[in-house]
Ligand SMILES: [Zn+2]
């Protein structure tokens, strides 16, 4: 990849999200989401206090309330993690997130650093040193490889899945089930396919509300969900004149599908990575319609604005809003889905 001498930091900064950056470092699962914020142990000074490091999802800024005593934007974070300049951090971001270097380069006057914004949060209690540190990734992001195995003997009729309203037909259709043993032991295994239909990972959903310190989702080591769009392989086989619906989660996607709307994909989060944007671009035309249907909460509202602006450059975009706070695609009834797409 050609490296631009001058990088438009602002363009790079606004093309990536803090969630993506955390995902890149394999840290996202350690962070707890609450409203618009993510909190977790500080990856920069390797703190162990789980609330010390905060991220504003919508503003894409972070703050550490202990040793680091400051915060910044996505590029400040990469620069700190890699111990490099902002310029080098921007070049790394271009590589990692497959950004278009041409559109990110600027003339010399543009080559200046933006002042960092900081989040306003209460300081948390001091951290204890922790031995296990995150390994910063220095290689460019390679595509997720298709798995050479399949998890079998998944239990379709697990109470948790019935509780979420999914029918046996849907579970079989999506290959979802409870995994007693294996890499996703004691979790609900959800296969994730790439656009070509190959299984690139299984996501493991804890069947219920996980205990403190246990992540809701487990993903295989090295797998980058920011490079995939869930259910894209099947959605692209639906008629081209139907709108493509984009939701946040696996279960929202499965629910719409079960209710009869099959041209639906999930971002596996409330933000869209540059790679996901590229997948949507590849599988749409200028006449395609996209409906963005994120959860009706702070993160969903922030995410959909950003996604709408980005997709509107190459498709017709409609943003679906729910009239009730907290409502999400998964909570839609069959009648609501039918009325919406009638
Ligand atoms: Zn820190």
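The values are calculated or read from the model by the stated rules, or taken from the named source; none is laboratory data. Values in this document were obtained by computation on a predicted structure and should not be read as measured data. Virtual Cβ from ideal backbone geometry, glycine too; neighbours counted across all protein chains shown.
Out of 69, 80, I need the residue that is within 16 Å of the ligand (Cβ to nearest atom) and at pLDDT below 90. Which one?
Numbers: 80 fails: at pLDDT below 90.
It is 69.
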What residue, among those in the range 52-66 that are at pLDDT 90 or above and over 19 Å from residue 304 (Cβ atoms), is nearest to the ligand (Cβ to nearest atom)?
64
